[in-house]
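To start, the structure under review is shown below, and the notes come after it.
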Amino acid sequence: MEVRDITYLKNLEIPEKPQNKLNLESFGKEKIDSLKKTINEINKLINDREKLSADIFKEAESIKREITNFILEVKENADPDTKREITALKQKQVELSELQLNEKISCWEAAALLKKELREMQRELEEKEERLNFLGKILE
């Protein structure tokens, strides 16, 4: 039997065993992050829509107040033409009130749809997180 010099084997690295563990932090994280981002965007849309509605309502109130003040100033010295103009202005006030009512309804409808979508996204997020937690428990 012949003895060989195997000292060169000392410098060789032993390959590591491949790990079969799933990296749970990255598993499904993209979908969860995407859902969280979508939920934040929907919340922002709801807030923006409600703010827009409030701004429209305030602007209409301001215009109605200006019309009322103008009518009060002009009413004392009203001739027949001025009375027709006052009637037209009062009609504008009614139209503005209708606009405000329609805006309230429109805002409510838009917010309701967004909130429905928000609930769906939140439910999906919870399901994804529960699955991820469940897989984590199984693999431990």
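Here, each number is a calculation from the coordinates, and none is a lab measurement. Nothing here was measured: the structure is a model prediction, and the numbers come from that model. Cβ: placed from backbone, ideal geometry, glycine included. Neighbour counts: every protein chain shown.
Any idea what the relative contact order of segment 27-139 is, in percent, if you count C-alpha pairs under 8 Å spaced at least 6 apart?
52
Can you figure out the FRET efficiency of F134 with D48, using R₀ = 30 Å and their beta-carbon distance, to the nearest 0.05?
Once rounded, the FRET efficiency stands at 0.25.
Using 5 Å bins from zero, what percent of all Cα-Cα pairs in segment 27-139 falls into each bin?
Spelled out bin by bin, segment 27-139 gives 2, 11, 14, 12, 9, 8, 8, 7, 6, 5, 5, 4, 3, 2, 2, 1, 1, 0 percent.
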